[in-house]
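The values are calculated or read from the model by the stated rules, or taken from the named source; none is laboratory data. Here the structure is a predicted model, which is why all the values come from computation and not from measurement. Ideal geometry is used to build each Cβ from the backbone, glycine not excepted, and the neighbour counts take in all protein chains shown. Just the protein is used for accessible areas: all its heavy atoms, side chains included, with ligands, DNA and RNA removed. Shrake-Rupley method; radii C 1.70, N 1.55, O 1.52, S 1.80 Å.
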Amino acid sequence: MIREPGSKCHFCPTCDGRGCVSELPGMGGVFENANFIDNCAAWRSAAYSVLPGLSSGSAELPRLRLAPITGALQNIGYHDEREYYFEMIEGCLDAGLALSIGDGYPDEKLKYGIEALAARSLKGAVFVKPYPNERILERMEWAANVSEIVGVDIDSYAIVTMRNLVNLQEKSAADLKELMKAASVPFAVKGVFKRSDLELIRELRPDIVVVSNHGGRVETDRGSTAAFLSAHGAELARHCGEVWVDGGIRTARDARIAKSLGAAEVLIGRPLITALLKSGPSGIADWLANFTQGN
Ligand SMILES: Cc1cc2nc3c(=O)[nH]c(=O)nc-3n(C[C@H](O)[C@H](O)[C@H](O)COP(=O)(O)O)c2cc1C
């Protein structure tokens, strides 16, 4: 039985982008889910099947983390916005996953995430939207006690549903440098997916780069995060402390491929939402057990 009957997930046997085409707000993406579908399919490309240790399933997994996810009512169809953050954090904590929270409009979305971490004295990666810097600095203050890492999802300025609601900016290296300097924890840039982002990273040299196209939810270049990581991961690694990746990672094999392409950590989005919608917080540990036992 599905625990959240009003949810927006279609509970496809495999979350491959084909069940929620163009559902945004919702679980889908832009370009008729083209980047979402590409993200999922690319990890299975024959080009990566020759990577060392993959066939035996012996290669170590990268670290796994909950991706930042907001908009529980509009995007997920959860029964309550605040409860979503608490239940998602609880499920991921019990499963042993590293944590993240995201930012959105209205401010409650970030504030509930902060509350959910603070209620259990936890820390996570805090990803703030690319507002003008003074608003980001204010948000970094709000989250100071729960931040293990702080970052900006720079690609959000291209989110169709945010564009008309709030003023988001395309961030320059100088803007991000100011934030990085003010941060007292490692600084991450999430949403690196365009060639022009490479120049930004070269100049900024952040602690963490997250190769991401927001799960195919933002209007950006076409393609998959696996292909971007494969093409540019080595260069990115020269200009930051660690490279992470997300988008369409559904199996341990996908995660191992990400690791062999240079990702120290992978973020998981929709599969954790689906697990929570289906079974509540305990569904996340079950999802993780299946994920790590599979190939
Ligand atoms: C419903 C939903 C809400 C999201 N909200 C945010 C957000 O607030 N901030 C952010 O940086 N990314 C957000 N993302 C993108 C995820 O962090 C992540 O990049 C993406 O979901 C990874 O792809 P996957 O879902 O295929 O695993 C969201 C994704 C979904 C599906």
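Of the residues that make up the stretch 242-252, is at least one in contact (Cβ under 8 Å) with a residue 24 or more places away in the chain, in a helix (DSSP H, G or I), out of contact with any strand residue (DSSP E or B) (no Cβ under 7 Å at 6 or more places or on another chain) and over 18 Å from N75 (Cα atoms)?
yes
For residues in the stretch 253-264 being assigned to a helix (DSSP H, G or I) and either open to solvent by 10 Å² or more (accessible area, probe 1.4 Å) or on the phi > 0 side of the Ramachandran plot (or both), which is farthest from the ligand (Cβ to nearest atom)?
Applying the filter and picking the extreme gives S260.
Would you confirm whether or not the stretch 118-139 contains a residue that is within 15 Å of the ligand (Cβ to nearest atom), small (G, A, S) and outside any strand (DSSP E or B)?
Looking through the stretch 118-139, none of the residues is within 15 Å of the ligand (Cβ to nearest atom), small (G, A, S) and outside any strand (DSSP E or B).
Where the second residue is within 13 Å of the ligand (Cβ to nearest atom) and β-branched (V, I, T) and the first is in a loop (DSSP other than H, G, I, E, B) and lies in the stretch 152-177, which pairs have Cβ atoms under 8 Å and are six or more apart or on separate chains?
As it stands, the answer is I159/V218; L168/I159; E170/I154; K171/V152; K171/I154, since those pairs meet every condition given.
Looking for whichever is closer than 24 Å to L165 by Cβ, of a type in the set (S, T, Y) and in a helix (DSSP H, G or I) here; the options are Y105, Y78, Y84. Which one fits?
Only one candidate qualifies: Y84.
Out of all the residues in the stretch 63-74, is one or more under 19 Å from H214 (Cβ atoms), assigned to a helix (DSSP H, G or I) and not aliphatic (A, V, I, L, M)?
Yes, there is a match, as at least one residue in the stretch 63-74 is under 19 Å from H214 (Cβ atoms), assigned to a helix (DSSP H, G or I) and not aliphatic (A, V, I, L, M).
What number of residues in the stretch 59-90 are within 11 Å of the ligand (Cβ to nearest atom), open to solvent by 30 Å² or more (accessible area, probe 1.4 Å) and of a type in the set (A, V, I, L, M)?
1
Give me the pairs, please: first residue somewhere in the stretch 26-43 and part of a helix (DSSP H, G or I), second residue anywhere and small (G, A, S) and open to solvent by 20 Å² or more (accessible area, probe 1.4 Å), beta-carbon distance under 8 Å, and either six or more positions apart or on two chains.
Listed pairs, sorted by first residue: E32/S22; N33/S22; D38/A227; A42/A227.
So, in the stretch 208-241, of the ones that are hydrophobic (A, V, I, L, M, F, W, C) and not in a helix (DSSP H, G or I), which residue ends up modelled with the lowest pLDDT?
The qualifying residue modelled with the lowest pLDDT is V218.
Scan (1) crowded, with 19+ Cβ neighbours inside 10 Å; (2) within 16 Å of the ligand (Cβ to nearest atom) for the single condition L200 breaks and write down its number.
Result: L200 passes all but (2).
If L236 passes every condition in (1) buried (at least 18 other Cβ atoms within 10 Å of the Cβ); (2) within 16 Å of the ligand (Cβ to nearest atom) but one, which one does it miss?
(2)
Can you go through C15, C92, C9 and tell me which one is outside any loop (DSSP other than H, G, I, E, B) and in contact (Cβ under 8 Å) with a residue 24 or more places away in the chain?
C92
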